[in-house]
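Below: one structure, written as C-alpha cells.
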Amino acid sequence: MVTPQATTEPDPILVVDGLTGGFGRTGESPQVLRDVSFQIPRGRLSAIVGETGSGKSITALSVIGLAPAGFTRTRGSIGFEGRDLAGLDDRQYQAIRGSRIAMVFQDARASLNPTFSIGYQLAATIRRHTGVSRSAARAAAEEALVGVRIPDVKRRMKQYPHQFSGGMAQRVALALALSCRPNLLLLDEPTTGLDATIQADVMDLIVELSERDGLSVCLITHDLGVVGQHCDHVVVMRSGRVVERADARDLFESPRHPYTRQLLAASELGGHA
C-alpha cells in the first residue's frame with residue numbers, strides 16, 4: 001500500500017492507476033506488476049526507483065506499448081494527457097510513440113541501427129512522424145544534434161553508431177527521442193555504463209532540455225545519487241508494487257517506507273539530498 005505521503009498533482013501528464021499484469025496466459029502466472037499507481041507531474045523531472053526486478057522497466061515499457069512478449073495486463077489504466085492508453089492496438093500506439101511519448105533505452109548504441117548513418121536515422125524518424133520533405137528533415141536532424149551539444153554536426157551526420165563513444169551515443173539517442181518534440185520523455189538507466197564525468201554531463205543536458213522546453217521527464221533508475229541531485233518527484237517500487245511516492249526533498253529527508261529507508265541507507269544518501 002502506498003504511504004500517505006503521496007500527493008495529487010494538479011495537472012499530471014501521466015496517471016497510471018491500478019496497473020496489474022504478469023507473464024503467460026491471463027491468471028496462469030504470478031503477477032509481476034501489482035496495482036501500480038502513480039502520477040508524473042507535467043513539466044518536471046521525476047524518477048521511478050527500485051532494485052533490479054522491482055517492475056520499474058516493465059511499467060515504463062507498458063506506458064509506451066512495448067511490454068515484453070508474453071506480458072499480459074490484467075487490469076488497470078494508463079492515462080496520458082487525459083486519454084487511456086491501455087488497450088490501444090499497435091497502429092494507435094505508433095501514432096503516439098515517438099511523437100508524443102519517447103523513450104531512451106539503457107544501451108544507446110544498441111538502440112541505433114549499425115547499418116545506417118546517424119543523419120539518415122534521425123531524418124527518417126522525423127519524416128515518418130511529421131511528413132516533411134527530405135531537406136527539411138535533414139535540417140531538423142542537424143538542429144536536433146546541435147540541441148544535445150554534439151559538435152561538428154555535418155561530419156557527425158555522416159558517421160555510424162560504432163564511431164560514437166558511449167556518451168556521444170547517448171546524446172544521439174536523446175536527439176532521436178526528442179527530434180519530434182514529444183511531451184513526455186522516459187529514460188531507462190540513461191547513465192549506466194558511463195564514467196562519472198560523462199554521467200554528470202548527460203544528466204546536466206537532460207535537466208537543461210527539461211527546463212528549456214518544459215518537457216516532462218521520467219527517469220527509470222536504481223541510482224539514488226542521480227535522483228537526489230536532479231529529480232523533483234520520486235516513485236519507489238519493490239516487487240512489482242509502488243511502496244512510496246513523494247517530492248524528492250521530502251522522500252530523502254523523511255522516508256516513510258522501510259524499503260525506501262533501506263535504499264537510502266545502502267546509498268549513503270539518507271538526509272543529504
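Numbers below:
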| item | result |
| --- | --- |
| Mean residue ellipticity (222 nm) of the chain, computed from DSSP H runs ≥ 4 via -39,500 (n - 2.57), nearest 500 | -11000 deg cm²/dmol |
| Counted charge near D35, where neighbours are those whose Cβ lies closer than 11 Å (Asp, Glu -1; Lys, Arg +1) | +2 |
| Order by protection proxy (mean Cβ within 10 Å, highest first), peptides 233-246, 140-153 | 233-246, 140-153 |
| Surrounding net charge for L145, when Lys and Arg each add one and Asp and Glu each subtract one, Cβ distance under 12 Å | +4 |
| Sequence-distant residues sharing a close amide H with I220 (under 5 Å, placed H) | I48, L187, D188, E189 |
| Where the chain is the region considered: accessible area per residue in Å², 1.4 Å probe | 47 Å² |
| Rounded to the nearest 20 debye, dipole of the chain from Cβ charges on Lys, Arg, Asp, Glu | 980 debye |
| Dipole axis of the range 89-136 (+1 Lys, Arg; -1 Asp, Glu on Cβ), positive-most option in G131, Q92, G119 | G131 |
| Using alpha-carbon coordinates, inclination of helix 196-213 to the longest axis of the chain, degrees | 90 degrees |
| Whether the range 139-219 is rounded, prolate or oblate, judged on the alpha carbon gyration tensor where a/c under 1.5 counts as rounded | oblate |
| Rounded to 10°, Cα long-axis angle of helix 258-267 versus longest principal axis of the chain | 50 degrees |
| Top positive-direction residue, dipole computed over the range 147-225 with Cβ charges, set L185, V217, Y160 | Y160 |
| Karplus 3J(HN,Hα) series, Hz, for the range 101-109 with 6.51 cos²θ - 1.76 cosθ + 1.60 (x for Gly, Pro) | 10, 10, 9, 10, 8, 4, 9, 4, 5 |
| Prolate/oblate/rounded label for the range 82-220 (Cα gyration tensor, a/c 1.5) | oblate |
| Most to least packed among 46-54, 206-214 [average Cβ atoms within 10 Å] | 46-54, 206-214 |
| The range 46-132 shape via C-alpha gyration tensor axes, a/c threshold 1.5 | oblate |
| Karplus 3J(HN,Hα) series, Hz, for the range 157-171 with 6.51 cos²θ - 1.76 cosθ + 1.60 (x for Gly, Pro) | 4, 8, 8, 10, x, 5, 8, 10, 5, x, x, 5, 5, 5, 5 |
| In sequence order, calculated HN-Hα J values of the range 246-257 (Karplus, 6.51, -1.76, 1.60; Hz; x Gly/Pro) | 5, 4, 4, 4, 5, 5, 6, 7, 9, x, 9, 8 |
| Near-label residues of the range 79-117 by backbone N, under 17 Å of a point 7 Å along Cα→Cβ of R181 | 96-102 |
| Cα centre as origin, Lys/Arg/Asp/Glu Cβ charges: the range 79-147 dipole, Debye | 240 debye |
| Computed E for R249/E208 - FRET, C-beta separation, R0 30 angstrom, nearest 0.05 | 0.90 |
| Net charge over other residues, Cβ less than 13 angstrom from the Cβ of H222 (K, R count +1; D, E count -1) | -2 |
| Separation between Cα centres of the range 208-257 and the range 127-148, rounded to whole Å | 32 Å |
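The values are calculated or read from the model by the stated rules, or taken from the named source; none is laboratory data. Model, not experiment: these values are computed from the prediction. Virtual Cβ from ideal backbone geometry, glycine too; neighbours counted across all protein chains shown. Areas reflect the complete protein model, heavy atoms only, side chains present, ligands, DNA and RNA absent. Shrake-Rupley method; radii C 1.70, N 1.55, O 1.52, S 1.80 Å.
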